[in-house]
Each structure stands twice: as structure tokens, then as C-alpha cells.
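The values are calculated or read from the model by the stated rules, or taken from the named source; none is laboratory data. This structure is a prediction, so every number in the text was calculated from the model and none was measured. Cβ: placed from backbone, ideal geometry, glycine included. Neighbour counts: every protein chain shown. Just the protein is used for accessible areas: all its heavy atoms, side chains included, with ligands, DNA and RNA removed. Shrake-Rupley method; radii C 1.70, N 1.55, O 1.52, S 1.80 Å.
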Amino acid sequence: HTPTTYTFSCVLKVLANDGHASNAKEFLETTVPKPHTVEMYNLVLEAFSRSNQHDAAEQAQAILEAMQQPNNDLPKPNSTSYDTVLRCWAQASSHPNASQKALALLNMMKSQKIQTTLASYQTVISLLAQKGEAILAEELL
């Protein structure tokens, strides 16, 4: 009896919900047969958004950037992928460049015509305000 895509996704969801980011990434890369879906990668990104790893935002950003590259076997990111990485940066507010990274990601979403949501803007505006960058936050309104 061979596990299905659904079975693998369920394991990834459990790991994501518990914030076991490294385990989720390793499980996807070493256990789940290809092709991987964008939903599977989004679960790994979700795991980073829920993890306590000090470098979770950087790792999530690196996964997103890998997904963006042409000519690889990774699925292309969707708006959920981007919003999840924005949340990672918001949760990494102690990172000195967190607000700039989030703002750059939001601007990239807009320039590449990736659907932004109210949550996309709320996440970045909240982070900018928290970092004392009210003028930048106001410019997004």
C-alpha cells in the first residue's frame, strides 16, 4: 500500500501546524516523491511561519526565491506562498531588516502582478508601524 499525495500532504500539515519547519522541509525534500505541488511548499512555508527558529524568515524567503527561479522542478509560488513569507517577516520583527524585506516582497508582488490581499497589506503596514516607519506605512494606504 503506497502513500498518496494526500497522505504526504497530511503529514506536512501536521508538521506545519506544530511549527516543525526543518522537519517539514526535510520530509518534503527526502520523502515525498516528485512532482511537488505548490500546496506542499506552502505547508513548508507555513511551518516556518509557525516555528521558533531564529532564521525562519530567511529560510522561508530562500524557499520562495528558489520557487521563483525558472527552469527548475519546483512549483511556481502563488499568492499564498508570498503572504506566508510576509507573515514570516512580520514574526521576525527583531530582525533589523524585517520591515524592508517585507516591503520589498510586497512591492515585488505588485510589480509581478501577483494578487495581493488585504492581509498582505495589513501584515506589512503593521510591521512598518511596529518598527517606527509610519511614513512608509502611510504610503501603503
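Do we have any residue at all in the range 118-134 that's of a type in the set (Lys, Arg), outside any helix (DSSP H, G or I), open to solvent by 60 Å² or more (accessible area, probe 1.4 Å) and more than 24 Å from residue 7 (Cβ to Cβ)?
Yes; the residues of the range 118-134 include at least one that is of a type in the set (Lys, Arg), outside any helix (DSSP H, G or I), open to solvent by 60 Å² or more (accessible area, probe 1.4 Å) and more than 24 Å from residue 7 (Cβ to Cβ).
Residue-by-condition table, conditions (1) part of a loop (DSSP other than H, G, I, E, B); (2) open to solvent by 30 Å² or more (accessible area, probe 1.4 Å); (3) at pLDDT 95 or above:
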| residue | (1), (2), (3) |
| --- | --- |
| 6 | no, yes, no |
| 16 | no, no, yes |
| 62 | no, yes, yes |
| 72 | yes, yes, no |
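Return the pairs, sorted by first residue and then second, in which the second residue is of a type in the set (Gly, Ala, Ser) and not in a helix (DSSP H, G or I), the first residue lies in the range 33-51 and is closer than 18 Å to residue 89 by Cβ and open to solvent by 30 Å² or more (accessible area, probe 1.4 Å), the beta carbons are less than 6 Å apart, and the residues are 6+ apart or on different chains.
Hits for this filter: 50/19.
Give me the pairs: first residue in the range 56-72 and closer than 21 Å to residue 18 by Cα, second residue among the charged types (D, E, K, R) and open to solvent by less than 70 Å² (accessible area, probe 1.4 Å), beta-carbon distance under 8 Å, and six or more apart or on different chains, which are they?
59/25; 63/25
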